[in-house]
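First comes the structure, then the notes that go with it.
Just so you know, all these numbers are worked out from the coordinates, no wet-lab data involved. Everything numeric in this text was worked out from a predicted model, so none of it was measured. Note: ideal-geometry Cβ built from the backbone for every residue, glycine included; neighbour counts use all protein chains shown.
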Amino acid sequence: MKLMNSFRTFMLGAATAALTAASATTASAVEIEYWQYFFEARITAMEKLIENFETANPDITVKMTHFPYDAYRTKVAAAIPAGQGPDVVQLFYGWLNDYVEAKLIQPLPADAFPPAKIEEDFFPMVKAMRMGDNYWALPTAVRSLALFYNQRMFDDAGIDHPPANLDELVEMAQKLTQKDGAGNLTAVGLTTGMTAQDHHWIREVLIRQYGGEPYLDDYKTVNYNNEAGLKAFNFYNDLQAKHGVTKASFMDEPQAAFKAGRAGMHIDGSFRIGALESVRGLKWGVAELPAGPDGTKSNYASYWVNAITSKAEGEKLAAAVKFMEYLTTDEAMQIWLETVGELPAKPSAAMTEKNINDPVYGPFIKGLEYARTTVFADESGQRQAMVDMMQRVELQGQAMDESVAEAATAEQKILDGYYKK
Amino acid sequence: MRFYQNLTISQKQIAWAWTFLALPVLFYVVIRFYPTANAFVLSFQEWNLLGARSFTGFDNYVRLYNDPVFWKVFRNTFLYLILGTPVSLVLSFIIAYHLDKVRFMHGTIRALYFIPFMTSAVAMAWVWRWFYQPVPIGVFNNFLATLGFGQIEFLSSTTNALPSVLAPAIWAGLGFQVIIFMAGLRAIPQSYYEAARIDGVSSWTVLSEITIPLLKPTVVFLVVFSSIGFLRIFDQVYNMTTNNPGGPLNSTKPLVLLIYDTAFNGFNMGYAAAQTVVLFTILLIVSLIQLRLLRDR
């Protein structure tokens, strides 16, 4: 531990020295531009961060510009090659390949962001941002999954703790399910919806819990058309088909059913917290995702990252590096958590006594330790393959093994098409 | 200046005409023709919105031809047209025909039919989406359940979903078609009807020999108008199936939604452009056929 600390101090010192050297050449004020898409809480948080950063670095000003989500990608793509637009830019982790290939961003300088140190400091899923010897982007905050449960329904059903494993999940869901006289569902034990977060739950959690690995070769090869995959998909399908504790599209959307108090349990991301907090009269709790049959825990994390664009050069580059460094400090991460509700990307910021014991954020943060990040080629296309797989079984009565095989082929085709370049 | 003075009057007129035309011409070139041409070129390229475009020849079209989803979507698009156009025309004609004879609260009833046309398609689609939900929130299914019937899967069935999505689209367009039909009905000279009454023909004959033949221009206009509308259907489908756009299993997906999905979720701009060219061709053919029908009048 001591050794690690001294290593940390050394690296920090080295980084500061490098930066001081860089900023020594920039006597006059530098203005850099920061771009992100429009989401109110993110804007507020970033304004706070910029303010703190500017106080600490009076010779740098940061100008933030934001765009509606739909227009974001096009604007970035048009501006940077033209030598305009942002010096530091926010992008979804899944877009990294595209941005690197289009030469829109540059690798983070290894002296300020040494890969070894990043791997030591950040949660393991951030590794997806490394290409070759360099990191290309880093997150301030990450999102993971957890199980939300309706406290009132739990009390009524006499359940005193959230499910610890999948067997308990099914058992409790059965107790929580309510039906009317004709057998129509009026409240589900557990919400399901492949179009919501369930495809992540299956991919990175259930398949692994049944002993499989969803993809091979850095997510370039589909690997769920096998026994483990089938077990996972069958478990999921049985929730509706065999146990009758749920119905896909019940009340239109899983989160709507949970908000309306008509779902006992609901698996969703940390970004749902804000929306649930504003629902009056709903008493809810959060728990870690249930463990698998052999006790395996897994989770899925996704995140937005910041990167330095290829346009930043000279003193602007130095300022951008400084800004990026600030965005990845524990302080910035705590501000982001408190303003946006997204989880810190570093254990040092996340795993504090206060955060880990937080009844709401705690379970999400614990999930980060064992969370994985799927490297998508085309997230919506790959999701669609899974959505269609389940619907073929549900609506057309196709056998599960055939449907899984068909989905695996469809998804592999998307991956091959993307990586063939 | 001298040059201008030496022109004849007709040459001056031409010069002025072109001066005034320059603005719309420029507008069309920049806003319409350039993007259209660009889309044609793009359909032979590969582009992910970032980075450079690269030529791939006919790859996008070959891929389109071999894509089962495309053919499914192609069928859906024509299903919207083939179901939507006749049903909406027959309904609106029946309503207009009878409304024309109603004197009591005529204006109010006509307004009631017209209101859906003025309502935002998005808002309407969402309301209908909730109507269609299963128990406990769907109005239709709650009603069925109260009467002791089984539930009907509206949007989550591969067979019922397309008609369910189409119904509000037809309903929304009805008001406009009713108004046009009524205008058409009013335009038929009363003397024909008087002559028919003197001859003592049945009301069926009046309808089939006088009213319908004389409404032909109105019908042709409405057919053209509503066909293009149904071929371009998007708002209703997208908003009623946002969780799984065009689902379940692509059973409601029209061509426009496929294009949108390919372009802005898959970032496959070249492939999306190829799909757009196909849509453009279909719209062109349908419009040409209908223009020919119009000319035959």
Quiz prompt | Acute angle (nearest 10 degrees) that the helix A:400-419 long axis makes with the longest principal axis of chain A, alpha-carbon atoms | solution = 10 degrees
Quiz item: Taking Cα atoms, how many degrees apart are the long axis of helix A:2-24 and the longest axis of chain A, rounded to 10 and kept between 0 and 90?
Solution: 50 degrees
Quiz item: Looking only at B:D235, B:D199, B:D100, which one moves most when chain B is put into a Gaussian network model with springs between Cα atoms under 10 Å?
Solution: B:D199
Self-check item: Hypothetical label at B:F280: residues of the range B:249-271 whose amide nitrogen lies under 14 Å (7 Å Cα-Cβ projection)
Solution: B:270-271
Self-check item: Inverse mean reciprocal Cα-Cα distance (Kirkwood Rh) of the protein assembly as shown, Å
Solution: 29.6 Å
Quiz item: Given the C-alpha centroids of the range A:23-84 and the range B:13-54, what is the distance between them in whole angstrom?
Solution: 34 Å
Quiz item: What is the set of long-range amide H partners of A:L190 at a cut-off below 5 Å, with H atoms built 1.01 Å from backbone N?
Solution: A:G264, A:M265
Self-check item: Residue-span extension gain [B:W18 to B:D100] - 0.36 nm each, minus C-alpha spacing
Solution: 24.8 nm
Quiz item: ³J(HN,Hα) across the range A:126-141 via Karplus (A = 6.51, B = -1.76, C = 1.60, θ = phi - 60°), whole Hz, x for Gly/Pro?
Solution: 5, 3, 4, 8, 9, 10, x, 8, 10, 8, 9, 7, 9, x, 8, 9
Exercise. Return the tail of the calculated pair distribution for chain A, meaning the percent of Cα-Cα pairs more than 33 Å apart.
Key: 38 percent
Exercise. Please identify, among A:P363, A:P109, A:P139, the residue showing maximal mean-square fluctuation in a Gaussian network model of chain A using a 10 angstrom Cα cutoff.
Key: A:P109
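Return the subset of A:K63/A:K117; A:K48/A:K420; A:K231/A:K413; A:K242/B:K253 for which the Cα-Cα distance in this structure is over 32 Å, preserving the input order.
A:K48/A:K420
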Quiz item: Given DSSP loops and a limit of at most 13 other Cβ atoms within 10 Å, what is the longest stretch of chain B that contains no such chymotrypsin sites (Phe, Trp or Tyr not before Pro)?
Solution: B:150-297
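If you put +1 on each Lys and Arg Cβ and -1 on each Asp and Glu Cβ, how big is the dipole of the range B:110-246 around its Cα centre, in Debye rounded to 20?
Here the size comes out at about 200 debye.
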Practice problem: Using DSSP to define loop residues, name the trypsin sites (Lys or Arg not before Pro) in the range A:194-265 whose beta-carbon has at most 15 other beta-carbon atoms within 10 Å. | Solution: A:K220, A:K242
Practice problem: Let me know the mean shielding of B:49-55 by other chains, meaning the per-residue number of their Cβ atoms within 10 Å of its Cβ. | Solution: 5
Self-check item: Computed lengthening from A:E338 to A:K127, 0.36 nm per intervening residue step minus Cα-Cα distance
Solution: 73.5 nm
Quiz item: Given springs between every Cα pair under 10 Å in a Gaussian network model of chain A, which of A:M131, A:M265, A:M324 has the largest fluctuation?
Solution: A:M131
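For the range A:303-387, state which trypsin sites (Lys or Arg not before Pro) are in a DSSP loop and have at most 10 other beta carbons lying within 10 Å of their beta carbon. Don't skip to the end; give the middle numbers.
On the way: sites: A:K311, A:K316, A:K322, A:K354, A:K366, A:R372, A:R383; in loops: A:K311.
Taking the range A:303-387 and a limit of 10 other Cβ atoms within 10 Å, no loop trypsin sites (Lys or Arg not before Pro) are found.
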Quiz item: With axes computed from alpha carbons, what is the tilt in degrees of helix A:227-241 against the longest principal axis of chain A, rounded to the nearest 10 within 0 to 90?
Solution: 60 degrees
Quiz prompt | Proportion of all alpha-carbon pairs of the range A:175-325 beyond 24 Å (%) | solution = 48 percent
Quiz item: Zone of B:S202 (label point 7 Å along Cα→Cβ, backbone N under 20 Å): which residues in the range B:98-133?
Solution: B:98
Quiz item: What is the Cα convex hull volume of the range A:242-284 when expressed per residue in Å³?
Solution: 78 Å³
Practice problem: Report P(r) for the range B:199-297: all Cα-Cα distances, bin width 5 Å, range 0 to the bin holding the largest distance, values in whole percent. | Solution: 2, 11, 15, 15, 14, 10, 9, 8, 6, 4, 3, 1, 1, 0
Exercise. Label the range B:16-115 by shape, choosing from rounded, prolate and oblate, from the square roots a ≥ b ≥ c of the eigenvalues of the Cα gyration tensor; if a/c is under 1.5 it is rounded, and otherwise prolate applies when a/b is larger than b/c, oblate when it is not.
Key: oblate
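Pairs of Cα atoms under 8 Å, at least six residues apart: use those to get the relative contact order of the range B:66-295, whole percent.
Over the range B:66-295, the number comes to 28 percent.
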Quiz item: For the range A:243-319, with the dipole built from +1 on Lys and Arg beta-carbon atoms and -1 on Asp and Glu ones, taken about the Cα centre, which of A:A312, A:T246, A:G281 lies farthest toward the positive end?
Solution: A:G281
Quiz item: When the Cα atoms of the range A:265-373 are enclosed in a convex hull and the volume is divided per residue, what value in Å³ results?
Solution: 130 Å³
Exercise. State, to one decimal in nm, how far the label point of A:D70 lies from the label point of B:F114, with both points 7 Å from Cα in the Cβ direction.
Key: 2.9 nm
Quiz item: Applying 1/(1 + (r/R0)^6) with R0 = 25 Å to the Cβ-Cβ distance of A:D401 and A:D294, what FRET efficiency is obtained, to the nearest 0.05?
Solution: 0.65
Quiz prompt | Gain on full stretching of the segment that runs from B:A39 to B:V87 - 0.36 nm per residue minus C-alpha separation | solution = 13.9 nm
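Rounded, prolate or oblate: pick one for chain B, where a ≥ b ≥ c are the square roots of the eigenvalues of its C-alpha gyration tensor, a/c under 1.5 means rounded, and failing that, prolate if a/b is larger than b/c, else oblate.
Numbers: a/c = 2.23, a/b = 1.09, b/c = 2.05.
Because a/c hits 1.5 or more and a/b fails to exceed b/c, chain B counts as oblate.
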Quiz item: Between the range B:109-146 and the range B:192-209, what is the C-alpha centre distance in whole Å?
Solution: 40 Å
